[in-house]
Amino acid sequence: MELRPLGKKADLSLSINAIVILILAITMLGLGLGFLRNTFSKTTAQFSEVADDVKSQVVAKIQASNEKLAFDKLEIELKRGETKDLFYGIKNVLEVELETFTITSGCDKALKETTPVGAESGVTFGTFPTWDVKQGEVEVLKLTATAKPDAALDTYSCFLKLDGASAPGYATKKFFVVVK
């Protein structure tokens, strides 16, 4: 049996098949990326709509109640290692045209006996350290609550405190974080 080299036709058909497969793969990749971009842009738009709804609810709540500080909810549930956002509103009722508020947040204590007294809180917060609010206006800000991965399964009594540049102790509000 004699071995002969493949002819030019076999080489040419193999190259055409490779090019067709490559074009199909690039087309499918482009379609997939377009689909993902479209899906994520719709989801982002929905999240911003929800955030706008929550902000308008907080503004309505704070104006109806004449409170200086109000939350969208006073209790939040977190799993260990999870992060969630709370929204809070600040209303400037001072006689100052523009007041700078210093914002402090934290937890006083865990409510169950499972967490030792004086132990470091299993919940941390992130928000703006200061914020300017014009007289008579309401600003809605975000407070990010995070349960540490090793947080005790407990209910934490937490606070948000506002100190104005011209009004120390302007407002304090308590809320609860439940780590499940």
Sorting check: for 78-86, 19-27, which peptide has the highest mean count of neighbouring beta carbons within 10 Å, and how do the rest follow? 78-86, 19-27
Highest to lowest packing among 31-40, 60-69, scored as the average C-beta count within 10 Å: 60-69, 31-40
Can you list the HN-Hα couplings for segment 28-36, worked out from phi with the Karplus curve (6.51, -1.76, 1.60; θ = phi - 60°), rounded to whole Hz and with x for Gly and Pro? 5, 4, x, 5, x, 5, x, 4, 5
Considering the dipole of segment 73-180 built from charges on the beta carbon (Lys and Arg +1, Asp and Glu -1) around the Cα centre, which of A165, L98, T83 is farthest to its positive end? T83
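Read-outs: derived from the displayed coordinates by stated rules, not from any lab. As the structure is a computational prediction, the values presented were derived from the model and not from experiment. Because the Cβ atoms are built from the backbone with ideal geometry, glycine has one as well, and the counts that use them run over all protein chains shown.
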